[in-house]
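Colleague: I have a structure I would like to understand better, so I am pasting it below and will then ask my questions one at a time.
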Amino acid sequence: ITGATSGIGEATARLLAKHNTDLILCGRRKDRLATLQKELSAFTDVTTLSFDVRNQQEVKRSIASLSDRWKPIDVLINNAGNAHGLDPIQTGKIEDWDAMMDINVKGLLYVSREIIPGMTERQRGHIINLGSIAGKEVYPNGSVYCASKFAVDALTRGIRMDLNPFGIKVTGIHPGMVDT
């Protein structure tokens with residue numbers, strides 16, 4: 001689970017742990033990862049990876065560092081995401097735009113790229129991409145965020161087509177606003 005240290009990612013980790021699902025929790029905040037690992041280890045086996053999904057080399061290095069016991073990943077939950085800025089397009093900040101595209105779109109791609117080869121080799125797996133209702137409808141002052149979430153939806157559909165011959169499921173979940 002990427003973005004496992006808060007919001008939907010953390011809630012998902014808690015739920016899956018109670019169902020005895022082994023977990024690889026990923027996030028940038030090592031302290032939160034450690035706290036969550038300690039808590040959820042009472043229910044299941046948990047390991048953590050601390051990396052920023054925006055950094056392709058960091059993603060690659062972190063996932064490659066997994067021990068053989070953790071390498072066969074059956075389910076990938078691409079949850080890491082963010083919304084920066086609520087400015088109209090004419091006054092929007094490029095730094096906010098870059099952050100949203102880098103995390104919401106490229107981060108999903110970087111993590112998926114590292115996990116998919118193992119799934120295709122094993123001919124099984126499930127990728128779950130967290131989008132947003134903003135990937136289905138546009139709202140004022142949200143053009144770039146909405147575009148990033150529309151991209152998540154398009155990627156989910158395209159990845160599903162590419163991986164269908166391998167028996168890999170690809171699902172998109174598009175929730176509304178969540179208090180994180």
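Colleague: Looking at 25, 49, can you tell me which residue is without any contact (Cβ under 8 Å) to a residue 60 or more places away in the chain and touching a Cys at 6+ places or on another chain (Cβ under 6 Å)?
Modeller: 49
Colleague: Filter the stretch 109-150 down to residues that are surrounded by fewer than 19 Cβ atoms within 10 Å (Cβ to Cβ) and either touching a His at 6+ places or on another chain (Cβ under 9 Å) or under 14 Å from residue 81 (Cβ atoms) (or both), then give me how many there are.
Modeller: 6
Colleague: What number goes with the only condition from (1) open to solvent by 40 Å² or more (accessible area, probe 1.4 Å); (2) under 22 Å from residue 152 (Cα atoms); (3) modelled with pLDDT of 95 or more that residue 69 does not pass?
Modeller: Condition (2) is where residue 69 drops out.
Colleague: May I ask you to say which residue of 78, 104 is modelled with pLDDT of 95 or more, in contact with a Leu (Cβ under 6 Å, 6 or more places away or on another chain) and open to solvent by less than 60 Å² (accessible area, probe 1.4 Å)?
Modeller: 78
Colleague: A further question on this structure: Collect the residues in the stretch 31-63 that are of a type in the set (A, V, I, L, M) and either surrounded by fewer than 17 Cβ atoms within 10 Å (Cβ to Cβ) or under 16 Å from the mean Cα position of the chain (by Cα) (or both), keeping them in residue-number order.
Modeller: Answer for the stretch 31-63, where residues must be of a type in the set (A, V, I, L, M) and either surrounded by fewer than 17 Cβ atoms within 10 Å (Cβ to Cβ) or under 16 Å from the mean Cα position of the chain (by Cα) (or both): 33, 34, 42, 49, 53, 59, 63.
Colleague: Under the condition of being at pLDDT 95 or above and of a type in the set (Asp, Glu), which residue from the stretch 153-180 is least open to solvent (accessible area, probe 1.4 Å)?
Modeller: 153
Colleague: Let me ask something else. Which residues, counting only those in the stretch 32-58, are under 15 Å from residue 9 (Cβ atoms) and of a type in the set (Lys, Arg)?
Modeller: Once the filter is applied, which keeps residues that are under 15 Å from residue 9 (Cβ atoms) and of a type in the set (Lys, Arg), the stretch 32-58 yields only 32.
The values are calculated or read from the model by the stated rules, or taken from the named source; none is laboratory data. What you are looking at is a predicted structure, and each value in this text was computed from that prediction instead of being measured. Counting neighbours? That spans all protein chains shown, and the Cβs are built from the backbone with ideal geometry, glycine included. To get the accessible areas, we keep the full protein, side chains included, count just its heavy atoms, and leave off ligands, DNA and RNA. Shrake-Rupley method; radii C 1.70, N 1.55, O 1.52, S 1.80 Å.
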